[in-house]
Structure formats: C-alpha cells, structure tokens
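Working notes, structure below.
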Ligand code: FNR
C-alpha cells in the first residue's frame, strides 16, 4: 500500500515559512508515503449560491481531498486564529451538505510563526473546525514552532536542533495515518 497525503498550507505567499516547514517535514516521511500540495490560492471566496455548480478550482479541491488517505496541515496564525485562506479552503471542501470531502481523513497539524506563541491558538481553533468535519486529528505530539535562523539548514531541510523532534512528529503522524487507513 502507498499512502497518499494531501498537504494543506495555510499561507499562499511565495516565501511562506509554513510551506517550507511542510516540505522539510515531508523528507522525514517513510518511503510508502507520497505527498502533494492542495492548491488553494485560486479558490473563489466561498459563496453558497455556487455550491451546487462550483467552478473547476473547487471541483479539483474536492476531488484531491477525496483521493487522499490523510492530511498534513501546516498553518500560520493570523490574529490568534487560522488565516482566512485556510478557512475558505476548508469550507469549500466541506460542502454541499452531506458531501463533506474531509470526513474520516486522518490529519496531523503543525504550525510555524515568527512570534513566541507559535500558532498555539490557531491550532486550537483548527482542532475545533476539524472536529465538526469528522477529521480524526492527531493529538500528540503538539508542535508549536517559532522561527529561528537555524530552524532550516542551507539545503531547506530541518536544522540539527529540531531534527529529532520533527522526525518523531512525522513517525507518529505516519502511525496515525496507518491506524486509520489500515494496511
Ligand atoms: C501574523 N503573524 C502572527 N503570528 C503569531 O504567532 N500570532 C498571530 O496572531 C499573528 N498574527 C498575524 C496576522 C497577520 C495578518 C499576519 C500577516 C501575520 C505573524 C506570522 O507568524 C508570520 O507572518 C508568519 O511568517 C506567517 O507564516 P508564513 O506566511 O511565513 O507561512
């Protein structure tokens, strides 16, 4: 079995630290895991009027969620919650009613911020949202990461100071996905 993981990054800026974190984490994954990023920067703002006939970008998002075995979500914190672009994508994937594409997909959440509170409040809000969407979200280890110059190495990987912790996070995430998907 190969496990297919959809990666959702809560920042659409080109130099996103959270995307960099997600890409570095992926290098720690077992060989039977594959990852691909969900594209969210071309999604329209959610409008329930368009729910039954959504544009192609929304159909693509829903299809790619359905095809995934699990979710890796890396998000910044904006004003003590998740960014609007992330909430918008989550809302699109959750509808129409009765066709929630996220349901049952095991998820791991992580976040990187430039400030000391390290996305803790955003992640707690995200857990509430994922609960109603019936997404089993890994509880531990929590990872609230504050950016420092040595977080990444020159090659874009995780620097030595955080390597063991984040390798451990990925090991637990892989176990979490296998537990829910089986195989
Ligand atoms: C922030 N940032 C921030 N950081 C934090 O830890 N808690 C917060 O509440 C906020 N609020 C906030 C609001 C807005 C509108 C912006 C643009 C930024 C700082 C944030 O951690 C920093 O910009 C990260 O680098 C954003 O992540 P990406 O885009 O690098 O992935």
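Readers should treat all values here as calculations from the given coordinates under stated rules, not as data from a laboratory. The structure displayed is predicted, hence computed values, not measured ones. Cβ atoms come from the backbone with ideal geometry, glycine included; neighbour counts cover every protein chain shown.
For a quick check, take a GNM of the chain with Cα springs below 10 Å and name the residue from 134, 150, 49 with the largest mean-square fluctuation.
49
Taking the chain as a Gaussian network, where each spring joins two C-alpha atoms under 10 Å apart, which residue of 35, 165, 152 fluctuates the most?
Residue with maximal mean-square fluctuation among 35, 165, 152: 165.
Mind sorting 99, 53, 92, 125 by how few other Cβ atoms lie within 10 Å of their own Cβ, fewest first? Each step should come with its number before you reach the end.
Numbers: 99 12, 53 8, 92 23, 125 16.
Fewest-to-most Cβ neighbours within 10 Å comes out as 53, 99, 125, 92.
Only counting other Cβ atoms within 10 Å, I'd like 58, 135, 181 sorted with the fewest neighbours first. Please list the in-between numbers first.
Numbers: 58 20, 135 23, 181 15.
Taking fewest neighbouring Cβ atoms as first place, the list is 181, 58, 135.
With axes computed from alpha carbons, what is the tilt in degrees of helix 17-26 against the longest principal axis of the chain, rounded to the nearest 10 within 0 to 90?
80 degrees
Taking the chain as a Gaussian network, where each spring joins two C-alpha atoms under 10 Å apart, which residue of 69, 149, 164 fluctuates the most?
149
Given the rule -39500 (n - 2.57) for each run of at least 4 DSSP H residues, summed and divided by the residues of the chain, what is its mean residue ellipticity at 222 nm, to the nearest 500 deg cm²/dmol?
The helix contribution divided over the chain gives -11500 deg cm²/dmol.
Taking the 0 to 90 degree range and rounding to the nearest ten, how far is the long axis of helix 84-93 tilted relative to the main principal axis of the chain, both from C-alpha atoms?
The angle comes out at about 50 degrees.
Taking a ≥ b ≥ c as the square roots of the eigenvalues of the Cα gyration tensor of region 3-181, is the shape rounded (a/c under 1.5), prolate (a/b larger than b/c) or oblate? Before the final figure, lay out the partial values.
Values: a/c = 1.77, a/b = 1.44, b/c = 1.23.
In terms of gyration-tensor shape, prolate.
Among 105, 39, rank each residue by its count of other Cβ atoms within 10 Å, from fewest to most, as a rough exposure measure.
Ranked by crowding around the Cβ, least crowded first: 39, 105.
Relative to the longest principal axis of the chain, what angle (0 to 90°, nearest 10) does the C-alpha long axis of helix 160-181 take?
Value to nearest ten degrees: 40.
With the Cα gyration tensor of region 125-183 giving a ≥ b ≥ c as the square roots of its eigenvalues, does the rule (a/c under 1.5 for rounded; else a/b larger than b/c for prolate; else oblate) give rounded, prolate or oblate?
Values: a/c = 3.10, a/b = 1.68, b/c = 1.84.
The shape class here is oblate.
Antiparallel DSSP bridges in region 3-181: what percent, to the nearest 5?
Taking every DSSP beta bridge within region 3-181, about 10 percent pair in antiparallel fashion.
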